[in-house]
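Chemist: Can you keep this structure in mind? I'll have questions shortly.
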Amino acid sequence: CDIERRSAQAKHTDINYYTEAYLYTGVNKIKGLRHNKIGRTQKNFGDIKVSFSVPGYKKIQFHNHQNLGFEKLINPLGSTFDTEGMWIVLPENVCEVFNKLLPNADKAGRRDYWDTYYDGLCFCLLNAAMMITMTTKSDISSAMLPDMVDDVIIRAICIFDMYTGGLGYAEKAYDYAIEIVKKAIEMVSGCKCKNGCPICVGDYHLDKNVVLWGLSNLFEELSDPKNIKVPEAKKEVLVQKPFRFDDLQERWTDFIQYLQTTGEYL
């Protein structure tokens, strides 16, 4: 799975925040059509199934990106479609290191609202792919894909078309996979941030040197990085709603005053 953020600004002059809907992206392989060697690993192209799910929203303050609280949906929104994708298998040593750096809650199989180093790889490879294929986030996206190599489950980074049936962007990314990886290395290493930021690796909690190590390992096996920055599990703050729908008729005035203080749009 991958977490992609979709933002909508709260339209209120006195409130300086926006809301984020967390979009969980699950990708599964249907059929592989092409494959070839890339460095010390393998690139693949084929048909995949993409599943989107929105489990909740949160408020983010503009100037410091502070989390102002989560609100989970009782019935998560979701959609599924078949499309084309290109995926690069991650070497075994990369998976071993990245698995050790998963937050404790993620190791237990529970992922709520934080990024991992796998997400960092997805982020920078997607940005590089958009530059090479001259596309936008409305055309292609990325996520983790579980794959099988010699009857062993491994992880892969998948770049896929955001259109049912595909439009050829993922296939072009397959043809230019080496250039995409090199461009990702160039973009992350050339970022002026010291450790990592939302521009180069998608999250300032991630160490960009670890992401660079993972990218470089696609071409040559490198020793494990030292002084690794382990991402912190983000605290979950649930938004407590002071009103119920069946109370609005009697408490309408209080409800309007409450909305004016929070700046919630619509």
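The values are calculated or read from the model by the stated rules, or taken from the named source; none is laboratory data. Computed from a predicted model, the values in this text were never measured in an experiment. Neighbour counts run over all protein chains shown; Cβ positions are idealised from the backbone, glycine included. Protein only, heavy atoms only, side chains kept; ligands, DNA and RNA dropped before computing areas. Shrake-Rupley method; radii C 1.70, N 1.55, O 1.52, S 1.80 Å.
Chemist: Of all residues in segment 41-69 being among the hydrophobic types (A, V, I, L, M, F, W, C) and in a strand (DSSP E or B), which is modelled with the lowest pLDDT?
Modeler: Leu68
Chemist: Would you please name the residue that is nearest to the chain's Cα centre (by Cα), looking only at residues in segment 152-166 that are open to solvent by 10 Å² or more (accessible area, probe 1.4 Å) and of a type in the set (Val, Ile, Thr)?
Modeler: Ile154
Chemist: In segment 172-188, how many residues are in contact with a Lys or Arg (Cβ under 8 Å, 6 or more places away or on another chain) and without any contact (Cβ under 8 Å) to a residue 24 or more places away in the chain?
Modeler: 0
Chemist: Could you list, in sequence order, the residues of segment 189-212 that are open to solvent by 20 Å² or more (accessible area, probe 1.4 Å), in a helix (DSSP H, G or I) and in contact (Cβ under 8 Å) with a residue 24 or more places away in the chain?
Modeler: Within segment 189-212, just Leu212 meets the criteria.
Chemist: From the list Leu218, Leu126, which one is outside any loop (DSSP other than H, G, I, E, B) and either buried (at least 19 other Cβ atoms within 10 Å of the Cβ) or without any contact (Cβ under 8 Å) to a residue 12 or more places away in the chain (or both)?
Modeler: So the residue among Leu218, Leu126 that is outside any loop (DSSP other than H, G, I, E, B) and either buried (at least 19 other Cβ atoms within 10 Å of the Cβ) or without any contact (Cβ under 8 Å) to a residue 12 or more places away in the chain (or both) is Leu126.
Chemist: Something else: Residue check, Lys37 against (1) open to solvent by less than 50 Å² (accessible area, probe 1.4 Å); (2) at pLDDT 85 or above; (3) assigned to a strand (DSSP E or B), all met but one. Which one?
Modeler: The number of the failed condition is (1).
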